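Written out below as structure tokens is the structure these notes cover.
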Amino acid sequence: MLNKLITRIVRKRSEIVISRIMPYIKNAKKLIDIGSGMGDVAYLLRKQGKSVTAVDVADFHGPRLVETIIYDGRKLPFSDKYFDTALLLMVLHHTPDPKIVFLEAARVAKEIVLIETSFTTPVNKFFTVLSDALGNLRFEAFWSSYKSDNEWRKFISENGFGIIDSVKYQDTNFGLPFLHIAYHLKKKR
């Protein structure tokens, strides 16, 4: 009963996320969803015929809808460029060092689709981190892992990637404005 309720709540968000990433993954055959949480996005993408491998760290506190490979948050158990696309969907700001996760995604996939929670002002950052912590029932926040659009763009570039496309989405969380930014990334030549 509880799993059904949680799935129902998460499903709407997952459908929104998929609508936002679908233009970037329509030709991808083999995907990895890093930080997959419940696996609802992977589950829905599989229903659409995509081959998706879900991976996450062991400390996730919810039910899993798909078989999930547990890894240490540092080294993915796959060879270089094994996947067409790595999905990093609202994950990097939950890590103490986003660069480690990002570079592993870059190693195992030919391109990256990134959606990140962002902010526009210091006050907005405070409320973003607070509402994100409450929404995820995770009170350990990595304040320096939340970045503005300009900071994400700098991070992406410094780590060897170019932005093919980017779209900002004004969402709400607990009635507060919440900025999500989708980035379609390819390795610089």
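The values are calculated or read from the model by the stated rules, or taken from the named source; none is laboratory data. Keep in mind that this is a model prediction, so the values were computed, not measured. A quick note on method: Cβ atoms are made from the backbone with ideal geometry, for glycine too, and the neighbour counts reach across all protein chains shown. Each accessible area value is taken on the protein alone, full model and side chains, heavy atoms only, with ligands, DNA and RNA left out. Shrake-Rupley method; radii C 1.70, N 1.55, O 1.52, S 1.80 Å.
The table below lists the values:
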{"read-out": "Burial order of peptide ranges 81-94, 112-125, 149-162 (average beta-carbon count within 10 Å, highest first)", "value": "81-94, 112-125, 149-162"}
{"read-out": "Segment 23-100, accessible area per residue, ligands and nucleic acids excluded (1.4 Å, Å²)", "value": "47"}
{"read-out": "Among the listed pairs Lys110/Lys168; Lys99/Lys188; Lys81/Lys187; Lys125/Lys147, those beyond 20 Å (Cα-Cα)", "value": "Lys110/Lys168"}
{"read-out": "Within the accessible area of the chain (1.4 Å probe), percent carbon and sulfur", "value": "56"}
{"read-out": "Segment 39-113: relative contact order in percent, alpha carbon pairs under 8 Å with at least 6 residues between", "value": "27"}
{"read-out": "Anchor Lys4: lysines whose Cα lies under 16 Å away (excluding residues fewer than 8 positions away in-chain)", "value": "Lys12"}
{"read-out": "Dmax and Rg, reported as Rg then Dmax, of the chain (C-alpha, Å)", "value": "15.5, 50"}
{"read-out": "Within segment 52-115, GluC sites (Glu not before Pro) in DSSP loop having at most 10 other beta-carbon neighbours inside 10 Å", "value": "Glu67"}
